[in-house]
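Have a look at the structure below, then the notes.
The values are calculated or read from the model by the stated rules, or taken from the named source; none is laboratory data. Fair warning: this is a prediction, and the values are worked out from it, not measured in the lab. In this analysis, Cβ positions are derived from the backbone assuming ideal geometry, glycine residues included, and neighbour counts consider all displayed protein chains.
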Amino acid sequence: MSETTHTGPVLAADGTPLKKSLARALRVEKMRALLMIAPLLLFVMFSFIWPIGEMLFRSVDNREVGEVLPKTVAVLKDWDGTSGELPDETVYQAFTADMLVAIDAKQHTKLGRRLNFEKTGISSLFRKSGRKIKKLDLETDGPFKEALIKIDKKWGDVETWKAIQTHSVNYTNGYYLNAIDMQRTPEGVAVQSESKRIMMTLFKRTLWMSLVITGMCVLLGYPVAWILANLPARSANLLMILVLLPFWTSLLVRTSAWKVMLQQQGVINEVLVWLGLVATDDRLVIINNATGTVIAMTHILLPFMILPMYSVMQTIQPTYLRAAKSLGATNWTAFWRVYFPQSIPGIGAGSILVFILSIGYYITPEIVGGAKGVFISNRIAYHISISGNWGLAAALGAILLAAVLVLYWAYDKIVGIDNVKLG
Amino acid sequence: MKFTKTLMATTALTMVAGVSGAADMADEMTIVSWGGAYSKSQLKAYHEPYAEKSGVNIINDDSSAEAVAKLRAMNEAGNVTWDVVDVVAADAMRLCDEGLAMEIDADTQLADGDNGMKASEDFGELLVSDCFIPQIVYSTTFGYRTDLVGDTPPSKICDVFDLEAYPGKRSLEKRPINNMEWALLCDGVAKEDVYEVLATPEGQDKALAKLDTIKDSVVWWSAGADTPQLLADGEVIMGSTYNGRLFSVIEEQKQPVAMLWDAQVFDLDGWIIPAGLSDERKARALDYIMFATDTQRLADQAKYIAYGPARKSSAPLVSKHADLGIDMAPHMPTDPDNAKNTFLYNYEFWADYRDDIDAKFQAWLAK
Amino acid sequence: MAALTPISRKPFWLVALVVGLFGAFIGLFVGTANGSGPIGAICGAALLVGLAFLYINVLKDERAGRGITFAGLGIAGFAGAGIPGAVLGAIFGAVGGWMIYWIYEGRYRSYLPPYLTAGQVLWHYAFRVICGAIFIFLITPILVVMPLSFNAENFFTFTPEMLRFDPEGYSLKHYRDFFSNNEWQRSFKNSLIIAPIATVISVSLGTMAAIGLSQSHVPARRAIMAILISPMIVPLIISATGMFFFYSQFGNWMESTLGLDKNLVGYIKVILAHAVLGIPFVIITVTATLVGFDRSLTRAAANMGADPITTFFRVQMPLILPGVISGGLFAFITSFDEVVVVLFVGSASQKTLPWQMFTGLREQISPTILAVATILVFISICLLTTLEMLRRRSERLRGMSPS
């Protein structure tokens, strides 16, 4: 150690002022940390965040109509749909011209499908009319108003043109409105028609059932986490295998195992019948409904509850309980006033984790949930892989993601994301 | 540290093995089909002999149930990974309309019949779309558990809707096709008017209202294997599925199940080639199609599953089951005994109305 | 664990009460199965109380007593209901016999603190029974799968032959199918190619980033953390669709611009997609390990002249290795068990095991997937044992390290 005999700024070994030197060291350290994070961060941003963003962009993107029917959209702007009168010949002519190009490129069915999401019946109209419009000649076959109405009388229906006009904007809020059981109409936002109104039911069901599943997991997970945290390490680790084994067994296998267990001729019902607890023609219906989903999902998500609870409970000193009891607390008071409050972070961490995971699940509800036990994510999967309504799927996904992000934020506030342990 | 070293060494090895393994699989094609007993019959009758003949490695993808949506997505992403796809006729028509399937000229691109008949003549009216190469005639019909339906087994399609005479669960497909037609038939609509009624919103509501009467007793299936499994478990007393799957439950698995042929719905199933393949892949796909749809191959498939071949010239060659040795003819949906009352399926109707009715049906289902 | 409380023999009424209740409980089930619940309960209770009385007052030989109950009830069960009856009877006998002596000798008290009241002792055991029930709930579905994988029929159901323990009802054919079927073998191989490489990528990038994140003064730490954790919290179906479009374009670019082989590109796509999914697990576990990491160790190493790389590999890495490995195992299992993303991003040549299982479940009636599951459960057990051994090893290491 050199003696600092002179006054003025403290100097580092190389003679620069210590403050500056420290700041430089800090900068270097920051840089080094960022350099270590950068590859992964870029990788995740580039191959995950961006694709998700692109996917969610589809929830407002509505350029198909304008792209396939450019002329029609331009002239349809001036038509007043609320007047109850059909658009005039210029619209029909522009439409025929657009359709001839679109049919050639086989784009008209795509547009028909797009509009069919909003008004059922348009898809078949585009498909059927497409075959006949193909034969029209733009030069000779006018006037097209009559020609089109002759092809299908729906072209003489104001509603058809209203639908095209309403959904001709490039960026739409229509998918989001559909996602919450509303719809976009020429007169503004309106409630979705009765036969299509299911989204709110599904959102509510998803939230409610996820809450039930989370509650069940807390109820079943708490005693298990407690006993794991309070047994001697060797036996606790052995029992831990019983928790981790299901956790690591393929989700598909566990779900099909529950199918085998829960069905009416399944293991549980057979055992109950054999024991005489239920009559053979009065078997419990515990699959293809909400009960099936709750049971199977509780089992699948239980380890996600136990593991964080366990890691929190491990840090609670057993001496506190003993101290409370020696000060005269009853068992219950000691637990409720001393132990339980300390274990709340574990419950919080586990609950939010389970809740987030359960609202995004769809394979298990699909297999054991029947029609009454499916979630909003099943709807998303349906729109992605069957109906092809990606815009609506993206809107539903965005809403779901927003909910999850709020929960994530809460999670971070309550426990801090770096305090989670997974076994 | 020993463990990590071993781990790394193994990883490095698998990487090398994986990459070199990937390199020698260049000459391969992906064929998409329905899975289960059906894919197995195709494997035996088409894939194995073709692989032997050409040396092409065939990869199966059992995704036909989602073929339309997936092809749309692949097309949009510009990355079609499928070479030949097995779809039902209505889907083929939709894909053809949307420009997602390649148009085929039957006479030049398909093999002539073994009697010298031109392909277009041999397939005849079954060539329902320019993009579609028919393969089999199958039917969707009901099977029931002989031990669970009481003394008078169901004999009419409307018994499915009769909860009093036949209490218990029944399985129906999770899509409108066929279910809507059966519902209307049993709601008193004449057979020839069904599609006319179904084209109107009121008719669709009528069909759904009829289905509503049994909704609580229905287990909905989405994959061909569901109904056979449900019947074998006794989970349902009757259920709709493809007749070939029922054949395999009854004859191969020996389960107490019998067929209810009444109002069976004939449909066609066949190949399409996705549009936009590279020339090399297109040539290979066409070569496969030429081979797999010739007279002998189509007749061979009927040795493994109870579906009728689509070529007229194949019919006389249909013989006995390859493993069981039983005569296949009485199990074919087209057998006169089975086809006493059939329902004529309208492909064009479903190609046009599928999107509309699907949306309605799914919303009804989720209620 | 040493005994905490000296034990003494208990009065007969206590033995009679406990074993009587146990006997009644079991008897109730056997009784209802055979017609009348109450009679069964009374018979069960009477049987066990009678046996207890005999053993305590007449026989006075514990080993003989327990042996007799076990064998006797096993034989009685066999006489009543064949092999299943014998198994259940023998279990009942073994537990009953053990319980008689456990109560009578007062052994149940031995490991509990001496100051507990009777109520507390009762609660102690009741709590254990509740926990046992929850553990049974956790493990039963997996236990159910195992016998079904030996089913001689092609369905997912217990056949009457199986319940009779008739060898006819069992077969290894689904295992044979797994090992001989091309599709299963190829998908297994694909999983073995994809999962380890994806794991290596997520572990190496993830560990590095976690160490970077653990340093103080990282700007926007929370935001970075949120981005890195996001693959875990975005619902899978949304990730899958997003990735499908992204990787299709990326794959086309690799094929056309880089001129890579189509198959190789397919693998790269799935591997990268899975690597992203595994990253949150690596980040979480490694960060958690780093929280307990003593920073003075790296400083000490630097002081003694080690460069950062040597410090990392020789000092830091061995200490955080358990966290890294457990994160790696999570990442591995994520990829090995992942079905949604691979269905979208992969093509059939990259079909993985879960994909094949998914189609097996949907399209085919084949317990082969149960056979695969059983094999995988055994692999899981091996992995868990490895993990446990590593944990013990790290405890030893930490015990030696300065604290």
Handout entry: Qualifying positions in segment A:175-189 - surrounded by 15 or more Cβ atoms within 10 Å (Cβ to Cβ) and either farther than 24 Å from A:Arg205 by Cβ or of a type in the set (Ser, Thr, Tyr) (or both)
Key = A:Tyr175, A:Tyr176, A:Arg184, A:Thr185, A:Pro186
Practice task
Only one of these is in contact (Cβ under 8 Å) with a residue 60 or more places away in the chain and either more than 26 Å from C:Trp355 (Cα to Cα) or β-branched (Val, Ile, Thr) (or both): C:Ile197, C:Ile233. Name it.
Solution key: C:Ile197
Exercise for the section: Tell me which of these C:Ser216 doesn't satisfy, since it passes every other one: (1) part of a helix (DSSP H, G or I); (2) within 14 Å of chain A (Cβ to nearest Cβ); (3) of a type outside the set (A, V, I, L, M). Expected result: (1)
Completion exercise
For segment B:121-142, pairs from a residue that is touching a residue at least 12 places away in the same chain (Cβ under 8 Å) and among the acidic types (Asp, Glu) to a residue that is surrounded by fewer than 24 Cβ atoms within 10 Å (Cβ to Cβ) and not in a loop (DSSP other than H, G, I, E, B), with Cβ under 7 Å and 6 or more apart or across chains, are B:Asp122/B:Lys312; B:Asp122/B:Ser313; B:Asp130/B:Cys96
Problem - Whichever residue in segment C:233-245 is buried (at least 22 other Cβ atoms within 10 Å of the Cβ) and over 15 Å from C:Val342 (Cβ atoms) and, among such residues, is farthest from the other protein chains (Cβ to nearest Cβ) - result: C:Val234
Fill in the blank from the handout: Picking from A:Ala233, A:Ala290, A:Ala257, the residue that is closer than 21 Å to B:Trp220 by Cα and facing chain C (nearest Cβ under 10 Å) would be A:Ala257
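Give segment C:236-261 a look and list any residue that's of a type in the set (A, V, I, L, M) and either part of a helix (DSSP H, G or I) or in contact (Cβ under 8 Å) with a residue 40 or more places away in the chain (or both), or say none.
Here is the first cut: in segment C:236-261, the residues of a type in the set (A, V, I, L, M) are C:236-238, C:240, C:243, C:254, C:258, C:260.
Once the filter is applied, which keeps residues that are of a type in the set (A, V, I, L, M) and either part of a helix (DSSP H, G or I) or in contact (Cβ under 8 Å) with a residue 40 or more places away in the chain (or both), segment C:236-261 yields C:Leu236, C:Ile237, C:Ile238, C:Ala240, C:Met243, C:Met254.
Condition check: under 17 Å from B:Gly99 (Cβ atoms), buried (at least 19 other Cβ atoms within 10 Å of the Cβ) and within 14 Å of chain B (Cβ to nearest Cβ). Does A:Arg58 satisfy that?
No, not satisfied.
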Exercise for the section: Go over the candidates A:Ser235, A:Ser195, A:Ser210 one by one and state the one that is buried (at least 17 other Cβ atoms within 10 Å of the Cβ) and part of a helix (DSSP H, G or I). Expected result: A:Ser210
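Those residues that are over 25 Å from C:Leu228 (Cβ atoms), at pLDDT 90 or above and not β-branched (Val, Ile, Thr), I need them from segment C:255-287; list them, please. Break it down stepwise before answering.
Filtering segment C:255-287 for residues over 25 Å from C:Leu228 (Cβ atoms) gives C:255-266.
So of that shortlist, the ones also at pLDDT 90 or above come out as C:264-266.
Within segment C:255-287, C:Leu264, C:Gly266 meet the criteria.
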Exercise for the section: Considering only segment B:24-133, give the strands (runs of 3 or more DSSP E) lying wholly within it that have at least 1 residues that are closer than 21 Å to B:Asp279 by Cα, touching a strand residue (DSSP E or B) at 6+ places or on another chain (Cβ under 7 Å) and at the interface with chain C (Cβ under 9 Å from one of its Cβ atoms). Expected result: B:28-32, B:57-61
Problem - Residue within segment A:390-407 that is outside the structural domain of A:Arg113 (by TED's automatic domain parsing), on the phi > 0 side of the Ramachandran plot and modelled with pLDDT under 90 present - result: no
Problem - Matching option when the condition is more than 21 Å from B:Thr30 (Cβ to Cβ), crowded, with 24+ Cβ neighbours inside 10 Å and more than 10 Å from chain A (Cβ to nearest Cβ), among C:Gly206, C:Gly278 - result: C:Gly278
Problem - Residue pairs meeting the criteria (Cβ under 8 Å; at least 6 apart or on separate chains; first within 26 Å of A:Arg197 (Cβ to Cβ), in segment A:107-119; second of a type outside the set (D, E, K, R) and in a loop (DSSP other than H, G, I, E, B)) - result: A:Leu111/A:Leu69; A:Arg113/A:Gly388; A:Arg114/A:His167; A:Leu115/A:His167; A:Phe117/A:Asn389; A:Glu118/A:His167
Exercise for the section: Test C:Ile201 against the criterion of being within 7 Å of another protein chain (Cβ to nearest Cβ), assigned to a helix (DSSP H, G or I) and among the hydrophobic types (A, V, I, L, M, F, W, C), and give yes or no. Expected result: no
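Per-residue answers, yes or no, for (1) in the same structural domain as A:Lys132 (by TED's automatic domain parsing); (2) within 23 Å of A:Thr172 (Cβ to Cβ); (3) in contact with a Phe, Trp or Tyr (Cβ under 8 Å, 6 or more places away or on another chain); (4) among the small types (Gly, Ala, Ser):
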position	(1), (2), (3), (4)
A:Leu26	no, no, no, no
A:Lys30	no, no, no, no
A:Ala38	no, no, no, yes
A:Leu42	no, no, no, no
A:Met45	no, no, no, no
A:Arg58	no, yes, yes, no
A:Thr72	yes, yes, yes, no
A:Trp79	yes, yes, yes, no
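Where in segment B:208-319 are the helices (runs of 4 or more DSSP H), entirely inside, with at least 2 residues that are on the phi < 0 side of the Ramachandran plot and within 14 Å of chain C (Cβ to nearest Cβ)? Talk me through it step by step, then tell me what you get.
On the way: elements: B:226-233, B:243-247, B:279-292, B:295-301.
Per the criteria, B:226-233, B:243-247, B:279-292.
Can you go through A:Thr330, A:Thr315, A:Thr364 and tell me which one is of a type in the set (Val, Ile, Thr) and in contact (Cβ under 8 Å) with a residue 60 or more places away in the chain?
None of the other options fit; the residue is A:Thr364.
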Practice task
Could you look through segment B:167-202, keep only residues that are of a type in the set (Gly, Ala, Ser) and buried (at least 20 other Cβ atoms within 10 Å of the Cβ), and pick out the one that is farthest from the other protein chains (Cβ to nearest Cβ)?
Solution key: B:Ala183
Handout entry: Residues of segment A:215-232 satisfying the condition of being under 23 Å from A:Ile356 (Cβ atoms) and either among the aromatic types (Phe, Trp, Tyr) or outside any helix (DSSP H, G or I) (or both)
Key = A:Tyr222
Exercise for the section: Go through segment C:176-194 and count every residue that is facing another protein chain (nearest Cβ under 7 Å) and touching a residue at least 24 places away in the same chain (Cβ under 8 Å). Expected result: 2
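Let's see how each residue does on (1) hydrophobic (A, V, I, L, M, F, W, C); (2) within 14 Å of chain C (Cβ to nearest Cβ); (3) under 30 Å from C:Pro235 (Cβ atoms):
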| position | (1), (2), (3) |
| --- | --- |
| A:Ala13 | yes, no, no |
| A:Glu29 | no, yes, no |
| A:Leu42 | yes, yes, yes |
| A:Ser47 | no, yes, yes |
| A:Pro51 | no, yes, yes |
| A:Thr96 | no, no, no |
Practice task
Give the number of residues within segment C:324-350 that are touching a residue at least 60 places away in the same chain (Cβ under 8 Å) and closer than 28 Å to B:Met74 by Cα.
Solution key: 14
Handout entry: Tally of residues being over 17 Å from A:Ile122 (Cα atoms) and under 24 Å from the mean Cα position of the chain (by Cα) across segment B:192-206
Key = 2
Problem - Among (1) surrounded by 15 or more Cβ atoms within 10 Å (Cβ to Cβ); (2) out of contact with any strand residue (DSSP E or B) (no Cβ under 8 Å at 6 or more places or on another chain); (3) within 27 Å of A:Leu242 (Cβ to Cβ), the one test that C:Phe150 misses - result: (2)
Practice task
Find all pairs meeting these conditions: Cβ atoms under 6 angstrom apart; at least six residues apart or on different chains; first residue within segment C:137-161 and farther than 19 Å from C:Met357 by Cβ and within 11 Å of chain A (Cβ to nearest Cβ); second residue part of a helix (DSSP H, G or I) and aliphatic (A, V, I, L, M).
Solution key: C:Leu138/A:Leu242; C:Ile139/A:Leu242
